[in-house]
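Shown next, in structure tokens, is the structure this report addresses.
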Amino acid sequence: MAVIGSLGTDRLKVNLAGLKLNNPTMLASGILGYSAETLSSIVAGGAGAVVTKSVGFKPRKGYANPTVVQADFGLINAVGLPNPGISEFVREIREMKRLGVPLIVSVYGFSAEEYATVAKKAVGAGADALELNVSCPHVKETGSEIGQSPEVLAEVVGKVKAVVDRPVLVKLSPNVTDLVEIAEAAVRAGADGITAINTVRAMAIDVETAMPILSNKRGGLSGPAVKPIALRCVYDVYERVKVPIMGCGGVTDWRDAVEFFLAGASAVQIGTAIALKGPSVFRSVSRGVDAYLKKKGFRSVNEIVGLSHRS
Amino acid sequence: MSAYRIAANKLRTTSILSVRTESPTVTTFTFKDRECARAKPGQFLMLWIPGVDEIPLSILDVGEDGAVSVTVKKVGEATEALHRMKAGDFVGVRGPFGNSFTRKKGKILIVGGGTGMAPLWFLVKRLLPDVERLVFVMGAKTEDELLFMDGLKKMLIGGNRQLVATTEDGSCGITGLCTEPLDRLLTNERFDMVYTCGPEPMIRKVFELAEKCEVSFEASLERLMRCAIGLCGSCVIGKYRVCRDGPIFTSKQLREVEAEFGSSKRDFDGKRIPL
Ligand SMILES: Cc1cc2nc3c(=O)[nH]c(=O)nc-3n(C[C@H](O)[C@H](O)[C@H](O)COP(=O)(O)OP(=O)(O)OC[C@H]3O[C@@H](n4cnc5c(N)ncnc54)[C@H](O)[C@@H]3O)c2cc1C
Ligand SMILES: Cc1cc2nc3c(=O)[nH]c(=O)nc-3n(C[C@H](O)[C@H](O)[C@H](O)COP(=O)(O)O)c2cc1C
Ligand code: FES
């Protein structure tokens, strides 16, 4: 089928810190990322790589419902990092190895040691790379606290890098005063790539009952509403760091993806758009990007990474 | 790719119009909601019980005036809180979500247990005008718990229609599980379709009988739900998301998920646990 062929064109191939992707779209963390079987439908939908649900040292049940609420141009979620813990998750990782695309395991922890322990086990089970979630906006002591302090973040990245021999991406939170400072600290500590961004702190209130809707009250906004914020974050980070950037936030069609490449991203991650377009969103984005590159006379997506910085 | 109406996912708050007791542990709630009033049999909604929880519930019925009903069994914190609510109290609604039963015309066998009766009631109402024959087998532990008995009796009057009740304690109808009379029904008569909803071990049994007799089959499954829009992964069975690809599954799909169907599900932390 022409579909596969078009995804396999050399124009779309990217190499991210040693990870070879057939196309520059990847599944964002936390979306359907528990099991190999569900991820297989994402791969069938055309994803060039997948990122798992964030996994920690111990199992977590997450928050009570409502955990997801619709906003005007996106979703607000406070799922609360539910995961079975790394000891259980290694079994899924072993199965996920068969997916045929690079497997990036998302890791969170409550201390640098925890991050390192989980990261090591994930790599032991077969992770091709890691993404450190230091930016979950609604769980205390992981995420915001770690992703907000350059010193703490550097310690986490350093400890993880010391125990694994695979690329380590750091996923940043937009909920900070100076995202660039944090990105630089991560790269100085050895990060091989940056993912920008995680969700933007947000909430929803019901007028009839005068109550916050999410059980956790506060959550994180994703989807088209955050795209302009994410784009600015990628643009800023690109100016100051040399490692590849994964653009993430609101990517729904090829135009969004191209905007992220022009801002400086080497690949894009897609999450919320799956609710709207299904797993085949990856293929439609890739195809659109490919058509754009062809029309504009570019031989590779790499040629447009950061192109908007010329002006 | 199925079209996904994002409007359906926006939470609406609406007040409860009426509350009807169905059994000592089961209550039906009715409220107005224009989106859910367009639902098809088998679809579900997410009901927010403010300050407590948000839970998936099958749509029992819809009225022309935009009234929507759900039937709820008291099993834990959220359903108990809901049972304490009265007409005039506010609940939140998202949906309708998921696929629906396919609409068949020929000879139909429906098997329902527990609150699995809710989507089947809706289905019977929609099927009746066109079917050639309809046999409804319903089961419960005791007579008290047989849901919608009176309504079903009225609807299923006539030569080509039949209602068979089973109770585990023998207080009404055939003594035993609702799968008891099925073997005979399925061997004596050629049905075009079997629909079922109820406890999953029951569904599994009905599935096996339908497989044996090579009859088309559709069942409604339950799994833990959070987002209800196919994103979070809480509700997966095999490669399927129950909230988006289900809750109605065909025998072909159920064969693909045989390892989990009737035996395991994922807990709130994503770990696989026995049903
Ligand atoms: C598609 C679908 C349709 C359903 N239709 C009906 C219906 O018409 N009538 C009815 O009475 N019940 C229905 N249920 C089951 C109903 O959602 C649960 O009984 C309810 O969530 C229990 O909440 P609780 O807090 O009272 O109980 P808890 O004490 O929290 O839990 C009791 C059990 O309910 C289930 N449950 C709890 N939370 C959820 C959740 N978020 N999603 C799914 N299951 C959960 C679990 O199996 C749990 O073990 C349906 C479930 C699904 C998935
Ligand atoms: C339901 C849901 C769960 C998420 N869980 C995680 C998670 O576990 N770890 C993580 O790093 N990001 C998580 N995210 C954030 C996404 O990976 C992504 O950064 C964000 O949603 C923005 O991208 P999008 O607009 O394409 O969804 C989650 C997002 C959603 C909507
Ligand atoms: S409930 Fe979230 S994917 Fe089904």
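A few remarks follow.
- Restricting attention to the stretch B:102-143, the residues that are hydroxyl-bearing (S, T, Y) and away from ligand 1 (no atom under 16 Å from the Cβ) total 2.
- Test: residue in the stretch B:219-241 that is assigned to a strand (DSSP E or B), within 14 Å of chain A (Cβ to nearest Cβ) and away from ligand 2 (no atom under 16 Å from the Cβ): yes
- The set of residues in the stretch B:222-236 being crowded, with 24+ Cβ neighbours inside 10 Å and more than 6 Å from ligand 3 (Cβ to nearest atom) consists of B:I229, B:V236.
- Residues (more than 16 Å from ligand 3 (Cβ to nearest atom) and open to solvent by 10 Å² or more (accessible area, probe 1.4 Å)) located in the stretch B:82-102: B:H83, B:R84, B:M85, B:K86, B:A87, B:G88, B:D89, B:F90, B:S100, B:F101, B:T102
- Restricted to the stretch A:251-279, and to residues there that are within 14 Å of chain B (Cβ to nearest Cβ) and away from ligand 3 (no atom under 16 Å from the Cβ), the residue that is nearest to A:A185 (Cα to Cα) is A:Q269.
- Any hit, the stretch A:71-78, residues being without any contact (Cβ under 8 Å) to a residue 60 or more places away in the chain and either surrounded by fewer than 24 Cβ atoms within 10 Å (Cβ to Cβ) or assigned to a loop (DSSP other than H, G, I, E, B) (or both): no
- Within this structure, A:T38 fails the test of being within 10 Å of chain B (Cβ to nearest Cβ) and modelled with pLDDT of 95 or more.
Residues are listed down the side, and each one gets a yes or a no for (1) modelled with pLDDT of 95 or more; (2) outside any loop (DSSP other than H, G, I, E, B):
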| residue | (1), (2) |
| --- | --- |
| A:C233 | yes, yes |
| A:V243 | yes, no |
| A:G250 | yes, no |
| A:L276 | no, yes |
| A:L293 | yes, yes |
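- Test result for B:G173, at positive phi and either out of contact with any strand residue (DSSP E or B) (no Cβ under 7 Å at 6 or more places or on another chain) or among the charged types (D, E, K, R) (or both): no
- Residues being within 14 Å of another protein chain (Cβ to nearest Cβ) and open to solvent by 10 Å² or more (accessible area, probe 1.4 Å) - total across the stretch B:45-71: 7
- Of B:V137, B:V131, all but one fail to be open to solvent by 10 Å² or more (accessible area, probe 1.4 Å), in contact with a strand residue (DSSP E or B) (Cβ under 6 Å, 6 or more places away or on another chain) and not assigned by TED's automatic domain parsing to the domain that holds B:M46; the exception is B:V131.
- Within the stretch B:145-155, the set of residues being out of contact with any Phe, Trp or Tyr (no Cβ under 7 Å at 6 or more places or on another chain) and crowded, with 16+ Cβ neighbours inside 10 Å comprises B:E145, B:L146, B:L147, B:M149, B:M155.
The values are calculated or read from the model by the stated rules, or taken from the named source; none is laboratory data. Small disclaimer: the values here were computed from a predicted structure and weren't measured. Neighbour counts are summed over all protein chains in view; Cβ atoms, including those assigned to glycine, are modelled from backbone coordinates with ideal geometry. Only protein heavy atoms, including side chains, enter the accessible area calculation; ligands, DNA and RNA are left aside. Shrake-Rupley method; radii C 1.70, N 1.55, O 1.52, S 1.80 Å.
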